[in-house]
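Student: Provided herewith is a single structure, encoded as structure tokens, for subsequent inquiry.
The values are calculated or read from the model by the stated rules, or taken from the named source; none is laboratory data. Bear in mind the structure is a predicted one, so any value in this text is a computation, not a measurement. Here the Cβ positions follow ideal geometry from the backbone for every residue, glycine too, while neighbour counts run over all protein chains shown.
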Ligand SMILES: Cc1ncc(C[n+]2csc(CCOP(=O)(O)OP(=O)(O)O)c2C)c(N)n1
Ligand SMILES: Cc1ncc(C[n+]2csc(CCOP(=O)(O)OP(=O)(O)O)c2C)c(N)n1
Ligand SMILES: [Mg+2]
Ligand SMILES: [Mg+2]
């Protein structure tokens, strides 16, 4: 519970470390995860195979279907597994294992089996990685009954939610942002249960609902506009599916205005569900239309000015807020 | 243009037949599509390899990644391809090829290449096929910039839209409903361009926005409630992405009330985008909250009463409409 | 194949017992369907009984199984009880999966039937994971992945065999090569004459056997299972066989040449095994008849109970999605 | 390998020319990155030059190529022009992909560079389709699929090789085995000692060659390409090699044992080819220097032009998503 400074990659590493120590049945699986392979391209699993043995922290071939299949099978055999799919776009290669199997086995077996696995994956625009390495695809999985979706916005949440995800009895997709891995922040070492949004800033005029990378610019805009007397509440969903409807609805009921911001493409994104829900439940109580900001409707581009323009900016957030309170 | 009676499987067959005749560069690809294999499990491609040659209508191994990859490659080599992924859940096996490649190559190549392929797939609850054979997953693809998504609700549209999809210069996911394949209906043999919704019934009190299997019960409810003086407009999206915002917005602006109905799981489904859009664009002009109906939040169950309860029913549509106009 | 271990008399009788259970159960399902009692997509394993019967006599309750939509033979051989099976086929709340899974997703962990899948190829990665768990447990357990010839051409096959071989996992990959994948012939989908040849690409042992021959199948399976238990890694067994009821009930199998079909039927492995058990003096015809009668009675009891049980209530849609019940 | 066709002097000089272009281009990219001029995820092919150089002398403009993030060597050998390449690396509107694709998605259809992919394994299914198109065209064209050793363990490999072999497509599967997949060794990811052994599982020809040896690589590629053009189907070539700059620039490659690295460097194939061309009297040192100087000048011109060109305007986000521009 002590507060120190840590970045997300360290937090994720520590979470797996603490979870491995707490549960001898926990396994880690993925490309390059062992120390022979330097604990992954970003070092997320560095030290774990040395500390807990390479039978528990296992590097795999580039075989995403087999990685998730092995995780599912091992979990059916009584283990818990954190399986890494290096980048979120590669979930597409293992999509069958994730949605047709991991997410469905509990239901299809009538509750006889369950799949307590965590699929860690990283993504995000900002590193010129282009169209096949940068997508936020959480909406696919949120639309899939049986799997939970989590995306932390800071190191403490990364730690707490990853531990919460590991302890959760259901499969969880855990989304990390690559470009901000190394940003340090004050740190608290505390397990967080899934399903609770976090009101990271209180306010009375507008609610911004966000998660992952878009929480920081939302807070910055809130801070800035506070000076002008615009009071913004910022809610970090943390768990995207199942999302914390109660907290979000209560906040928007209070402020009467809502903006949802995510890095994923806006159209048919997570924001659509939140907006549809708020409009339905707060009909007649809203002072302005629920607005959404998201990535541009295109693959993530390579060239810097395009990549920057793809992601919702602080300017856009600010402008949208001003429009809402006008 | 003559009107006769036809079912969807015949319409789809005829569309491919006519398209093969019209364009010598068109190829058909998929499991069991050749006549040696009886033109598919449902007979959608029956007769085509005999008529056009088995170099143009080619049965494949069970290799969905190679099927879509081969379609992409052949299209880059100057052909057009209709590739069948037998059931929509199996798109999960080929997801990488579809979303990371087919949908993105035009953009990532800066417009130098394009992928004029159609991916035909069938799905739908109602045949006790259970959790891995029945999902409507259009929301995944609608959220993917670069691929179009089409779902006909009747034989004429199946014909017209499939031909429109084949002529379209972009990749198209074409979704057919398996349980209603054999339902006959009056038939018009006309190519339909993508992107236009169809106002299948005019009305003034409520707009139902739907597509695929949910159009028929929507129309039935509309018919029934007309007797009570409730006037329902029914809009069949036909093309789900990019959807015809103008037509839908105009209809709801007129009626002031909207209900979106689809068979896919409601949460994070296509209806969320439509609802979010309508609420944003018609804020203050709506007489009631935009409502949504969709599949239950669970894998498609096997047992009849559960499978039936999974899909939105006419009763639920009726009840929701009554709630809207109350 | 002469140097394969051979089943002794008791084992052969046990193989017969399992094959009889599978055959009679299959006949009963088909009969229930034809009578309109049961409406389900049913992928009959008729003709493929010997494969799981001869394999599973070397398995125990701790061993795990993944199979496919065409899998009731694998399940029954492994010990899946008739009651929960029939109730599940009938979509009842008393079914092994409460009616939620159905024909293609029959599951019964107590007998080791962990996953039944409808997605071609997907039994293999999961069985690989079960093999990994068994290896970690260190108790000599094995995992069996059943799949068809068509499934040998999908990516998951490749990834699973490579991983299982690389990690020397106790997995038996059983390819039930019935020469057809839906309507497509083996030759029109597969670029190699013997699937077992693919094993060499993973430094794995691979063997092709007549899956309809109890001795061959028993021997190949026994060697593979013993090797797996001993930590010597996985084996790919290609078991040649034939399916007598087309791809699924309703498929008239017009794509199968008449002579090919007739020839396969003439070599129906179940009556052949029966004749052989009697001829070898392992059991008398009367004893065999008694076994069959007992099996049929058990099946009838399961059928009766199944159709008398309740259908699930729609509230079940909210259960088993997650560990907690949905609101 | 002695019965392989050998390159004649002119061909060998052409191979050298391509290898020199690749090497000098790579050095220039790395220099631009170290200088902070270029910021991009760059997967240097340094050390792997001979493979595409010796292969593409047997290709023509009608032949198609799919390659991967580590692919500038394949592209340059195939004829991808320096100007659009550098402008794309620099993210300019004058880039081959208008700056939208970048390092991992370089495309240039006129030279046959159809797809560059960042998803491991995905070059193979698409190249299979290009091979299918070439076969339908009936003009003797071939498609080349480049991929790494790591990619040989992913499902797409299996599906592609089976399909290409089954349909006898003119596809050359070129596995550039540099012994590492990111930080993982060949031995820790692959259950077979020679990847070429997997070809037998598809009834396909497969061969392992020293990819750093111009003669061996040329010979194996020539045979495969000739066979493909003649309608005799695909070949799997495993070309052994090494990468000198780690997985991507910034990777210190601490996971590679020092001696292994030193040994590979001592056998740097580019200076060896240069020395050999001179020793064999194919060109004088002065002639080779002139070739190199010319190449370097071309590269400098491309670099200059690239960084002088405009960056794309954000309106480009609305273009090339579909054929029509987005509203
Ligand atoms: C990934 C995937 N593609 C296609 C199908 C449709 N399908 C169901 S069974 C089948 C044939 C499988 O043949 P085989 O593997 O030989 O098994 P068999 O049915 O003969 O036992 C196909 C293509 C599927 N279920 N999954
Ligand atoms: C499907 C997929 N999984 C993981 C990755 C991450 N990744 C990028 S390159 C690479 C290693 C590939 O190694 P290899 O095939 O040997 O090619 P090399 O880089 O050595 O040329 C990995 C794992 C990816 N791009 N795609
Ligand atoms: Mg088969
Ligand atoms: Mg490599």
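Student: What is the one condition in (1) closer than 24 Å to residue A:245 by Cβ; (2) in the same structural domain as residue A:103 (by TED's automatic domain parsing); (3) surrounded by fewer than 24 Cβ atoms within 10 Å (Cβ to Cβ) that residue A:179 does not satisfy?
Tutor: (1)
Student: How many residues does the stretch D:134-167 hold that are more than 14 Å from chain C (Cβ to nearest Cβ), in contact (Cβ under 8 Å) with a residue 40 or more places away in the chain and in a helix (DSSP H, G or I)?
Tutor: Number of matching residues: 2.
Student: A further question on this structure: Tally the residues that are away from ligand 4 (no atom under 15 Å from the Cβ) and surrounded by fewer than 24 Cβ atoms within 10 Å (Cβ to Cβ), restricting the search to the stretch D:167-189.
Tutor: 2
Student: Find the strands (runs of 3 or more DSSP E) located wholly in the stretch A:1-94 whose residues include 1 or more that are more than 14 Å from ligand 2 (Cβ to nearest atom), more than 14 Å from every other protein chain (Cβ to nearest Cβ) and touching a helix residue (DSSP H, G or I) at 6+ places or on another chain (Cβ under 6 Å), and list them.
Tutor: A:4-6
Student: So, one more: Looking at (1) farther than 15 Å from residue A:292 by Cα; (2) touching a residue at least 40 places away in the same chain (Cβ under 8 Å), find the lone condition where residue A:228 falls short.
Tutor: Single failed check for residue A:228: (2).
Student: Hey, among the residues in the stretch C:27-48 that are in contact with a strand residue (DSSP E or B) (Cβ under 9 Å, 6 or more places away or on another chain) and more than 14 Å from chain B (Cβ to nearest Cβ), which one's farthest from residue C:268 (Cα to Cα)?
Tutor: Residue satisfying both the conditions and the ranking: C:45.
Student: Does residue C:77 fit the bill of being more than 23 Å from residue C:42 (Cβ to Cβ), buried (at least 24 other Cβ atoms within 10 Å of the Cβ), more than 14 Å from chain D (Cβ to nearest Cβ) and in contact with a helix residue (DSSP H, G or I) (Cβ under 9 Å, 6 or more places away or on another chain)?
Tutor: no
Student: If a residue counts only when it is more than 17 Å from residue B:199 (Cα to Cα), which helices (runs of 4 or more DSSP H) contained entirely in the stretch B:237-315 have at least 2 such residues?
Tutor: In the stretch B:237-315, B:270-281, B:304-310 are the helices (runs of 4 or more DSSP H) which contain 2 or more residues that are more than 17 Å from residue B:199 (Cα to Cα).
Student: Looking only at the stretch C:61-72, how many residues end up being more than 16 Å from ligand 3 (Cβ to nearest atom) and either without any contact (Cβ under 8 Å) to a residue 60 or more places away in the chain or on the phi > 0 side of the Ramachandran plot (or both)?
Tutor: 1
Student: Let me ask another. Please verify whether residue D:125 is at pLDDT 95 or above, surrounded by 24 or more Cβ atoms within 10 Å (Cβ to Cβ), within 14 Å of chain C (Cβ to nearest Cβ) and more than 18 Å from residue A:60 (Cβ to Cβ), treating the condition exactly as stated.
Tutor: yes
Student: Now, a different point. Can you pull out every residue in the stretch D:49-92 that is in a helix (DSSP H, G or I), out of contact with any strand residue (DSSP E or B) (no Cβ under 7 Å at 6 or more places or on another chain) and under 30 Å from residue A:42 (Cα atoms)?
Tutor: Scanning the stretch D:49-92 gives D:72, D:73, D:85, D:86, D:87, D:88, D:89.
Student: Tell me which of these residue C:120 doesn't satisfy, since it passes every other one: (1) away from ligand 3 (no atom under 16 Å from the Cβ); (2) buried (at least 24 other Cβ atoms within 10 Å of the Cβ).
Tutor: (1)
Student: State whether the residues of the stretch D:168-175 include one that is within 16 Å of ligand 1 (Cβ to nearest atom) and within 19 Å of residue C:198 (Cα to Cα).
Tutor: There is no residue in the stretch D:168-175 that is within 16 Å of ligand 1 (Cβ to nearest atom) and within 19 Å of residue C:198 (Cα to Cα).
Student: Here's something else I'd like to know. Scan the stretch C:80-110 for residues that are more than 27 Å from residue C:150 (Cα to Cα) and surrounded by fewer than 24 Cβ atoms within 10 Å (Cβ to Cβ) and jot them down.
Tutor: C:81, C:82, C:83, C:92, C:93, C:94, C:110
Student: Something else about it: On the given criteria, is residue A:109 more than 7 Å from chain C (Cβ to nearest Cβ) and more than 16 Å from ligand 1 (Cβ to nearest atom)?
Tutor: no
Student: Return the residues of the stretch B:95-104 that are over 25 Å from residue B:15 (Cα atoms), more than 7 Å from chain D (Cβ to nearest Cβ) and part of a helix (DSSP H, G or I); say none if nothing qualifies.
Tutor: B:95, B:99
Rundown of residues vs (1) within 14 Å of chain D (Cβ to nearest Cβ); (2) surrounded by fewer than 21 Cβ atoms within 10 Å (Cβ to Cβ); (3) within 12 Å of ligand 3 (Cβ to nearest atom); (4) touching a residue at least 60 places away in the same chain (Cβ under 8 Å), yes/no style:
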{"site": "C:191", "(1), (2), (3), (4)": "yes, no, no, no"}
{"site": "C:195", "(1), (2), (3), (4)": "yes, no, yes, no"}
{"site": "C:211", "(1), (2), (3), (4)": "no, no, yes, yes"}
{"site": "C:216", "(1), (2), (3), (4)": "no, no, no, yes"}
{"site": "C:229", "(1), (2), (3), (4)": "no, yes, no, yes"}
{"site": "C:257", "(1), (2), (3), (4)": "no, yes, no, no"}
{"site": "C:263", "(1), (2), (3), (4)": "no, yes, no, no"}
{"site": "C:273", "(1), (2), (3), (4)": "no, no, no, yes"}
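Student: Any residue that is within 12 Å of ligand 4 (Cβ to nearest atom) and more than 26 Å from residue C:121 (Cβ to Cβ) - is there at least one of those in the stretch D:119-141?
Tutor: no
Student: Taking residue D:111 as meeting all but one of (1) on the phi < 0 side of the Ramachandran plot; (2) at the interface with chain B (Cβ under 7 Å from one of its Cβ atoms), write down the number of the exception.
Tutor: (2)
Student: Sticking with this one: For the condition crowded, with 22+ Cβ neighbours inside 10 Å and at pLDDT 95 or above, what is the one hit in B:216, B:272?
Tutor: B:272
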